Every structure is written in structure tokens, then in C-alpha cells.
Amino acid sequence: MHKHLRTPRLPVLGLATALSLVACSGTEEVTTSSATTSHAAPETTTVSSEASPSAAPSTTPTPPPLNQGPSPALTGTFEMEGSATITGATYDSMPFVLPLNPAGPQETMVRWVQDWGESPATAEQGTTYVLGHAWGQQKLVFNPFSEVVTANVDLSNPTTVEGLDGAQVQRFATPVLNGSLIRMTSEGGAGREWIVDNAFLVGKEQLGSDADLMNTEVPGRIVLIACAVDGATDLEYNVIVTGHLA
């Protein structure tokens with residue numbers, strides 16, 4: 001049984017509208033800076049046929065698995081590895097101000113939400129919510145998983161889950177991302193890693209009524225939220241990706 005939410009009741013009621021506005025249009029904060037990483041061809045590596053002297057045994061200790069080391073800082077790098085790949089992204093915080101609209105640069109920045117669940121530094125204690133932009137007119141930071149999940153759901157085959165105040169919420173799920181890895185790391189290599197265990201679409205008007213998603217106290221859970229993108233079309237759904245600490 002889920003614990004009661006720590007989020008005040010009034011903001012929770014407003015989330016159905018607020019989260020429906022997340023990342024569906026890049027018109028406000030899309031940046032096209034020339035500083036964007038270039039995709040130059042890799043340098044050619046020459047392999048010598050001469051035998052090299054045997055390397056001395058390394059005395060550097062093997063670092064512990066990411067989740068056994070120190071917690072990450074409140075800013076750092078964000079990665080996803082698996083059926084949808086995200087590299088070169090960074091993370092920072094955003095205030096819990098409705099409507100929730102993560103600030104850019106939208107091509108590379110994701111935001112965890114202050115005062116709603118946990119930060120990456122306290123991920124073990126509850127749910128960490130991370131928001132990013134996806135858009136049909138431009139490739140933004142969360143387009144990779146938004147497009148993959150949207151392409152693999154069956155919108156004629158919903159699963160009904162419990163909603164707040166007795167509401168019934170419809171999800172459209174796919175296992176396509178299950179087993180993928182999400183990492184948030186900061187300077188010095190401190191970080192946390194999650195394994196994706198679910199991905200689904202939920203109607204924008206229903207997202208804030210999904211009792212499970214609104215539960216901030218699921219230990220070690222991460223929830224990624226973006227808009228659903230089908231090719232160049234933005235749908236009236238949000239894409240949700242959830243994972244647990246590895």
C-alpha cells in the first residue's frame with residue numbers, strides 16, 4: 001500500500017494541467033547555439049605491428065559500483081543507455097512552480113524538481129522526478145525515449161490503474177525500454193544508476209490523477225516525464241519512464 005503523499009493537496013490537484021504543458025513546444029526556450037557538439041568523424045588510430053613492452057600491473061583500486069559510492073551533487077551529467085540513447089545531457093534543478101516547464105537549453109538540459117520527491121543526492125529515500133523537453137519540430141533532450149515509447153505502444157489497448165479520488169487512469173504501456181540504464185553523475189564520478197522497469201503513455205489530462213505516479217515516497221524510484229512525439233506530431237499524451245536503483 002502506498003504511503004500518503006507529502007506533496008500538498010492543492011498543487012497535486014493542479015498537476016493534471018501543469019504537467020500536460022511539459023516540453024511539448026520548443027518555441028519559448030529552444031536554443032540553436034553554435035556551441036552544440038559537432039559530429040566530426042573520429043580520428044584514425046594507427047595500430048603498430050611492433051610488440052610493446054608488457055604493462056606493469058595496475059595498483060589503482062577498482063572503484064565500487066556507482067550506487068555504492070558517494071551520492072551525486074545537485075548538478076551533473078545525465079545519460080540513458082539502451083533502446084533509446086541520451087548522451088551529452090546535463091541535469092540541474094527546477095522549482096516546484098506550476099505549470100512545470102523545465103528551463104533550457106532544451107536540447108541538452110533535464111531538470112529534477114525541488115520540493116516534489118527527492119533530489120539525485122537523496123534518491124534512495126523516495127521518488128526523483130526528472131523533466132525534459134521533446135518536440136515534433138526539433139530534436140530535444142528527451143526526444144529519443146519519447147519517440148521510441150510512442151512508436152511501440154498500442155493506443156487501442158489501455159491498462160486501467162487507480163487514480164486519485166477514485167478516478168480511473170488509462171496507461172498505454174510497452175516493455176521496449178525495460179532494462180535500459182539511466183545515470184546521473186557529478187564531478188569526481190559520484191552518481192546513481194537506475195534500471196528502467198516501465199514505460200507508458202498517459203493522457204495529459206490524466207497524468208496528475210495517477211495515484212502511483214504522484215506517490216513521492218517510493219524508495220529509489222526515478223520518473224522521467226516528457227511529451228509524446230510521433231514523428232513530427234506532438235500527441236495529447238505524456239511519456240513516462242520509471243526505473244529503480246540498480
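Structure summary
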{"item": "Residue order, fewest to most surrounding Cβ atoms within 10 angstrom, among Asp154, Asp115", "result": "Asp154, Asp115"}
{"item": "Gain in span if fully extended, Ala103 to Gln137, counting 0.36 nm per residue against the direct Cα distance", "result": "10.4 nm"}
{"item": "Order of Glu118, Glu81 under a 10 Å beta carbon neighbour criterion, fewest first", "result": "Glu81, Glu118"}
{"item": "Gain on full stretching of the segment that runs from His244 to Glu81 - 0.36 nm per residue minus C-alpha separation", "result": "57.2 nm"}
{"item": "Modelled FRET efficiency - R0 45 Å, Thr90 with Asp154, Cβ distances, 0.05 increments", "result": "0.85"}
{"item": "Relative exposure of Thr216, Thr128, Thr185, Thr122, judged by other C-beta atoms within 10 Å (fewest first)", "result": "Thr122, Thr185, Thr216, Thr128"}
{"item": "Potential lengthening between Gln68 and Glu236 on full extension [0.36 nm per residue; Cα-Cα distance subtracted]", "result": "56.5 nm"}
{"item": "Computed E for Glu205/Leu181 - FRET, C-beta separation, R0 30 angstrom, nearest 0.05", "result": "0.45"}
{"item": "Point-to-point label distance, Asp115-Asp165, nm (Cα→Cβ direction, 7 Å offset)", "result": "2.2"}
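Laboratory data are not the source of any read-out in this text; all were calculated from the coordinates shown. Quick caveat: nothing in here was measured; it's all calculated off a predicted structure. We place every Cβ from the backbone using ideal geometry, glycine too, and count neighbours over all the protein chains shown.
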